[in-house]
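The values are calculated or read from the model by the stated rules, or taken from the named source; none is laboratory data. Bear in mind that the values here come from a model prediction, so they are computed numbers and not experimental data. Positions of Cβ are generated from backbone atoms using ideal geometry, with glycine treated the same way; all protein chains shown enter the neighbour counts. These accessible areas exclude ligands, DNA and RNA; they are computed on the full protein's heavy atoms, side chains included. Shrake-Rupley method; radii C 1.70, N 1.55, O 1.52, S 1.80 Å.
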Amino acid sequence: MTISVLIVDDQAMVRAGFAALLDAHDGIRVVGQAADGAAAVNLSARLDPDVILMDVRMPQLDGIQATQRILGPTYPAAHVPRILMLTTFDIDDYVYDALQAGASGFILKDALPEELVHAVRVVAAGDALLAPSVTRRMIARFAAQKPREARTSAQLADLTDREREVLVLIGAGRSNREIGASLFIAEQTVKTHVGKILAKIGARDRVQAVIFAYDTGLAEPA
């Protein structure tokens, strides 16, 4: 299966570089490029990509606004793409807002080529690009600065005790294998719990579950 990719960045050199890199790998095809968020929304609806590499800061419509529109309820394409945010700094204020809007993760613009290719494959497979060393630290930092949402009582009440335990460890950035080892359960059982948790809290992927854990107080910034 070929992964179709839309690249969105206001710098032509960046777009061209990413396109050449991704097109050189089997199973990945760049189907379009956009210079701003407004063009990204239009091209995404027309080209129906699997993954969008979305720059955070752009003129006219920034990456967060474009992400909100593409992942919103009125999005007209056949299926909703996965959005991978591009940023210059791992502490970019805007990235947390983008993750809250439904982005599946972020990658630094100066990442190694193999890291970019891996990131595209990961999010295309339906997994969140959640690197505990970077993404969790960023989420924790900005979660501490934002008021906690009062959305949680019904969703939390719907979780079993075991699902809460798993969600706490997801919020701590643990992998399924690490969660299984901590709770003395099989990795496949952890996967089952994670799937049920995502369904109950209305999260699209693991990144959204981490944000939910911080918003609800199940995970606390260090």
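With the charge dipole of segment 23-102 set up from +1 on Lys and Arg Cβ and -1 on Asp and Glu Cβ about the Cα centre, the Cα lying farthest toward the positive end among the listed residues MET54, GLY102, TYR75 is that of TYR75. Entry comment: accessible area of segment 170-222 is 45 Å² per residue, from protein heavy atoms only and a probe of 1.4 Å. Extension gain for ASP26 to ASP110 (0.36 nm times residue separation, less C-alpha to C-alpha distance): 28.0 nm.
Put a dot 7 Å past the Cα of GLU178, heading toward its Cβ, do the same for ARG162, and the two dots end up 2.2 nm apart. Taking 0.36 nm per residue of sequence separation and removing the Cα-Cα distance, the TYR75/ALA199 pair yields an extension gain of 42.6 nm.
So which aspartates and glutamates can LYS200 reach, going by Cα to Cα under 14 Å and dropping same-chain residues fewer than 8 places off? Cα-Cα hits under 14 Å: ASP158, ASP161, GLU163.
Assuming charge only on the beta carbon of Lys and Arg (+1) and of Asp and Glu (-1), the dipole of segment 1-73 about its Cα centre is about 120 debye to the nearest 20.
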